[in-house]
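See below for the structure under consideration.
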Amino acid sequence: MSVMSVSFPEISPTMSALTLVEPGPTPRLTMTHRPTPTPGPGEVLLRVDACGFCHHDLLVISGVLRRGVAAGVTLGHEITGTVVATAPDVDGVEPGGRVVSLLTAACGRCERCLAGNEHRCLHGAGVGHGRDGGFADYVALPASALVPVPDAIPPEQAALLACPAGVAMSAVSAASIAPTDTVVVTGAGGGLGAHAVQFAATQGAQVIAVTTSPDKISGLESLGASVVIDANDGPDFSEIVMALTDDAGADALIDTVGPPLWPTTLRCLAQYGRMALLGDVTGEAVPLRLAEVIFRDAHILGVSGASRSTLQQTVDMAATGQIRPVVSDTLPLTPEGIYEAIRLVSGRRPLGRVVLTP
Ligand SMILES: [Zn+2]
Ligand SMILES: [Zn+2]
């Protein structure tokens, strides 16, 4: 099935796509011309309006993350675009509509998809990892992996609704945050952290944001943090968390940093505390005394990805102004733009996300 049911006359037969020529500490990237993809069964063709530059992309570009990366794949999974063509079997997605993509090209039919865990689809490849992503003019994606975006949300913000916003929302849900809770968010100035701060604050929790970038303190306060701790300032921020909570510790902890702050993060956790781990996919080990988990009756939860219903929730919350996708910089989708994004993200400069626009 290679015939599109509807096609815009302006769809060019070839497109520009950013190609990773050589991963490594000094990566080589170039723009190449490729055939514009044709949507397969159940798929639609999107004109990419904006695509976030994730830490995950940086790990692939720098050669740290290689597992499951398809050869010659176009990176970029934080995609928003406009539907320009659909396969003949696609219903309910119309050309001209704006959408945001899940991080996985979910099939919509397997047991995981039917259970509402589309991000763990048994057949779905990771967008911008196992199959082509959004660092290109066009991308073909399954209609079942797309959620409509209202006009009130500009493309740069819409790009961030699944990752990092939806992923951060999944972590806040997993940690079962209540209005009476004190919640610590580590890496609060990063993409996941800045959104986790907002979602935890919308639950009514007192949010303690931990950052190593003192210039982000006022920005984090404006996102809803009650207290911002500069983790460079003193060796052990868990002592500050204990002081702020009358030695009770944090009811919940959203950790987006992992090994560099471990085991200080665990020391922040209260009795019966819930800790959601996300973001660190480097595979680096941390020391863990099981007794520290057992005697706390702690719950440690892994979180990756966002389901379709979670993505729909973040879209609704952004549309009604309950949360604001945090865009630090908008750069052109060119090698120069990407090199600048790499420089900014490597230096942990952005509050929130860098977004690229074709
Ligand atoms: Zn991402
Ligand atoms: Zn599936």
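Observations on the structure shown:
- Extension gain for the segment A125 to T38, taken as residue separation times 0.36 nm less the Cα-Cα distance, is 29.6 nm to one decimal.
- Gyration tensor (alpha-carbon) shape descriptor, the stretch 1-125, a/c threshold 1.5: oblate
- Taking the centroid of alpha carbons for each part, the stretch 270-333 and the stretch 180-197 are 8 Å apart.
- Within-12-Å neighbourhood charge of A70 [Cβ basis; K, R +1; D, E -1]: +2
- Carbon + sulfur, % of accessible area of the chain - ligands and nucleic acids excluded, 1.4 Å: 53 percent
- Counted charge near V257, where neighbours are those whose Cβ lies closer than 13 Å (Asp, Glu -1; Lys, Arg +1): -2
- Solvent-accessible ranking of H77, H123, H55, largest area first, probe 1.4 Å: H123, H55, H77
- Helix content alone sets the calculated 222 nm mean residue ellipticity of the chain: runs of n ≥ 4 DSSP H residues at -39500 (n - 2.57) each, divided across all residues, give -6000 deg cm²/dmol.
- Acute angle (nearest 10 degrees) that the helix 191-202 long axis makes with the longest principal axis of the chain, alpha-carbon atoms: 60 degrees
- Think of a 1.4 Å ball rolled over the protein heavy atoms: the stretch 189-280 then has 36 Å² of accessible area per residue.
- Fully extended contour minus Cα-Cα distance, from T334 to L290, at 0.36 nm per residue: 11.1 nm
- Take every Cα pair under 8 Å whose residues are at least 6 apart in sequence, average their separation, divide by the length of the stretch 14-66, and the relative contact order is 37 percent.
- Think of a 1.4 Å ball rolled over the protein heavy atoms: the stretch 20-129 then has 43 Å² of accessible area per residue.
- Relative contact order for the chain: 18 percent, from Cα pairs under 8 Å spaced at least 6 residues apart, divided by residue count.
- Shape category assigned to the stretch 98-156 from the gyration tensor of Cα positions, a/c cut at 1.5: oblate
- Neighbourhood charge, 13 Å Cβ-Cβ cut-off, centred on I217 and excluding it, Lys, Arg +1 and Asp, Glu -1: -3
The values are calculated or read from the model by the stated rules, or taken from the named source; none is laboratory data. All values derive from a computational prediction rather than experimental measurement. Cβ sites come from the backbone with ideal geometry, for glycine too, and all protein chains shown count toward neighbours. All accessible areas refer to the heavy atoms of the entire protein, side chains included, with ligands and DNA or RNA removed. Shrake-Rupley method; radii C 1.70, N 1.55, O 1.52, S 1.80 Å.
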